[in-house]
1. Any of Lys44/Lys237; Lys153/Lys198; Lys90/Lys230 with alpha carbons more than 31 Å apart? Name them for me.
2. Once you order the gyration tensor axes a ≥ b ≥ c over the Cα atoms, which shape class does the chain get: rounded for a/c under 1.5, otherwise prolate or oblate by comparing a/b with b/c?
3. Hey, what angle do you get for helix 187-199 against the long axis of the chain, alpha-carbon based, 0 to 90 degrees rounded to 10?
4. Tell me, what is the FRET efficiency for His129 and Ser19 to the nearest 0.05, using R0 = 35 angstrom and their Cβ-Cβ distance as r?
5. Within 10 Å of each candidate Cβ there may be at most 15 other Cβ atoms; applying that plus a DSSP loop requirement, which trypsin sites (Lys or Arg not before Pro) in the stretch 139-171 survive?
6. So which aspartates and glutamates can Lys362 reach, going by Cα to Cα under 17 Å and dropping same-chain residues fewer than 8 places off?
7. Just to confirm the filter: which chymotrypsin sites (Phe, Trp or Tyr not before Pro) across the stretch 1-90 are DSSP coil and have at most 14 other Cβ within 10 angstrom of their Cβ?
8. Would you mind classifying the stretch 9-98 by shape? Square roots of the alpha carbon gyration tensor eigenvalues, ordered a ≥ b ≥ c; an a/c under 1.5 is rounded, otherwise it is prolate if a/b is larger than b/c and oblate if not.
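Readers should treat all values here as calculations from the given coordinates under stated rules, not as data from a laboratory. Predicted, not measured: the structure shown is a model, and the values here were computed from it. Cβ placement follows ideal geometry from the backbone for every residue including glycine, while neighbour counts extend to all protein chains displayed.
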Amino acid sequence: MRGQIQFDEKRQKAIAQCSRCGFCRAVCPIFDLTKRPVTNARGKMILLKELMEGKLPATEAVAQAFLRCTTCMNCTLNCPSGVDPQEMVKQARKDFVRLGMDNLFRTMAETMAKYGNIYGEERRVDWGHKKGNASIVLFLGCVGTYREEESVKETLQLLDILKVDYTLIEEVCCSGVLEDVGYKIIEDLAEKNIREIKKTGAKTLITTCPYCYRVFKDHPAYQNLGLELKHITQFLKDFNFEVQTQKKVTYHDPCDLGRHAGIYEEPREIIRKIAPNFIEPLRTRENSMCCGAGGGFRGSFPKESVRIARNRLGQIIEETGADILLTECPSCLHNFRNARRQKQRIEIYNITEFIGKLYQEKDSFGKEPA
Ligand code: SF4
Ligand code: SF4
């Protein structure tokens, strides 16, 4: 036992491996905002070293410092020493919880277990779409379902227009986020989702949320699903759409879809079909800056989270001058929409929502929109 936290050989090695070069500073959205050394990966690696050597006690204040991370993985990709700081952060959060330093996510876990969603809302959203047997199950996730309903509605309408044979289920939170904030996935919720999915007889599971995609793909609780799994961009990339926009369109890579899941090309394939004036931001693909929503950061520090989104949105507007910002993540969408200032004219949509809107405009006006 050192510094009250157990450091096995792997963690000791990773801590020693960090040369404290600070390359991770430049890409950390939280350091970008606060300019406080303790908030970036380098600072956290130093804290871990001090904890390991028993020079720093594991206190509530130190535990709080480890909550300042969106797990965006940008530090990991830019670390010349091959360290994965965001994994170290997630592990440290578990350590602090084990030491009795519960954070607000214990309440969130209880809420999830009781209500089946992260917001503790009783209502079940009725999308007016069938539930039953189909070849595809569509899984929406909590943020889309409870906070970005309009976006989800457009996505569902698009799938109807494309005559996709899909069903919704009585889904509950995948609960994977708990693993990032010091706790464990709720097996009962995972089992309910698996039961509901299997009841449909579907062969393919499509998620609209990239975080849910990662949880279904990687978490052992979902390993026995026996279905083909796709993010909605992987599914839609082979479709042809009868709509286009001539407006200048850009794209923000969500951390969960890009750096974490390696899905960069599919969203772009779709966008190129509908937007000939597609322009990339400077910081794009694996270099994309985080919107500030992930890793429980929005829950712990909502104001800073929106300020990070504001920074990212400002970068995108400056770098592209785009009329439309597309992404395909309900959390990025939600954070950007909260962050946009009135004077900023850029419109923000999920890709699927935007295509759905283009179809509606086409129907309303009998021609393609300008
Ligand atoms: S985590 Fe990597 S990039 Fe950051 S200070 Fe350590 S060695 Fe450098
Ligand atoms: S994962 Fe992202 S937010 Fe967390 S320390 Fe690394 S760069 Fe910063």
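1. Those over the limit are Lys44/Lys237.
2. oblate
3. Orientation of helix 187-199: about 20 degrees from the principal axis.
4. Values: r = 53 Å, r/R0 = 1.52.
Using R0 = 35 Å, I get an efficiency of 0.10.
5. Those satisfying the criteria are Lys163.
6. Straight-distance partners of Lys362: Glu154, Asp160, Glu242, Glu353.
7. Listed in order of number, the matching sites amount to none.
8. It comes out oblate by the Cα gyration axes.
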